[in-house]
């Protein structure tokens, strides 16, 4: 009997091999290019509603010669020797690179303006599919955090056919009222959702205090 050892090359395997290779400074540039090619190949071969936007983001970073900085957040997970059981935990352990955190803290409009410009450059059908997917993701996360679920679900139901608007639920710091609010999706996604440390506030319609309603970070 002849025994054969079979191997299957996987996307995760390729990614990890290039990340390990990139730890060598002399091989980092080439490895980062391969990771970029890997990402673009994946989004082209397995498209989803968010694929066009992701491809545009990676292309923009590559053109700006900062794609390697995005890969830094994955390299740091390996350098920290964190105990990881699977790829989901691996990606969850990644944190924003310091340069991006600093950039958004010092000049938050720089990133938000870039994101808004990229979304507006998408063709109408792809943008609508992207909005639909993001709307579902944001509202699902919001529902998990909502205390007054009835009021939130009622608003969510009212705007269910509006892919350009999302339902949020905030709580007043003073009177503790839970207040549902319909918000423009493009504004929220580019100005709040994608920007580290940004928090949305609104005036309370119950106690009339200004900017006392806080919406949770999602």
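The values are calculated or read from the model by the stated rules, or taken from the named source; none is laboratory data. Just so it is clear, the structure is predicted and the values come from calculations on it, not from any experiment. FYI the Cβ positions are ideal-geometry reconstructions off the backbone, even for glycines, and counts take in every protein chain you see.
Does residue 147 satisfy the condition of being surrounded by fewer than 19 Cβ atoms within 10 Å (Cβ to Cβ), free of Cβ contacts under 8 Å to residues at least 60 places away in the same chain and within 24 Å of residue 50 (Cβ to Cβ)?
Answer is no for this residue.
Give 166, 192 a once-over and let me know the one that is crowded, with 16+ Cβ neighbours inside 10 Å, closer than 23 Å to residue 111 by Cα and in contact with a helix residue (DSSP H, G or I) (Cβ under 7 Å, 6 or more places away or on another chain).
Among 166, 192, only 166 is crowded, with 16+ Cβ neighbours inside 10 Å, closer than 23 Å to residue 111 by Cα and in contact with a helix residue (DSSP H, G or I) (Cβ under 7 Å, 6 or more places away or on another chain).
Residue by residue, here is whether (1) over 30 Å from residue 63 (Cβ atoms); (2) modelled with pLDDT of 90 or more; (3) assigned by TED's automatic domain parsing to the domain that holds residue 58 holds:
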residue: 116; (1), (2), (3): no, no, no
residue: 119; (1), (2), (3): no, no, no
residue: 155; (1), (2), (3): yes, yes, no
residue: 162; (1), (2), (3): yes, yes, no
residue: 186; (1), (2), (3): no, yes, no
residue: 194; (1), (2), (3): no, no, no
residue: 209; (1), (2), (3): yes, yes, no
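Listed residues 167, 143; which is touching a strand residue (DSSP E or B) at 6+ places or on another chain (Cβ under 9 Å), assigned to a helix (DSSP H, G or I) and not assigned by TED's automatic domain parsing to the domain that holds residue 75?
143
Residue-wise test of (1) out of contact with any strand residue (DSSP E or B) (no Cβ under 8 Å at 6 or more places or on another chain); (2) in a loop (DSSP other than H, G, I, E, B); (3) over 16 Å from residue 79 (Cα atoms).
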position	(1), (2), (3)
13	yes, no, yes
21	yes, no, no
30	yes, no, yes
33	yes, no, yes
37	yes, no, yes
41	yes, no, yes
49	yes, yes, yes
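Condition first: buried (at least 17 other Cβ atoms within 10 Å of the Cβ) and either part of a strand (DSSP E or B) or out of contact with any helix residue (DSSP H, G or I) (no Cβ under 9 Å at 6 or more places or on another chain) (or both). Now tell me which residues in the stretch 195-208 satisfy that.
200, 202, 204
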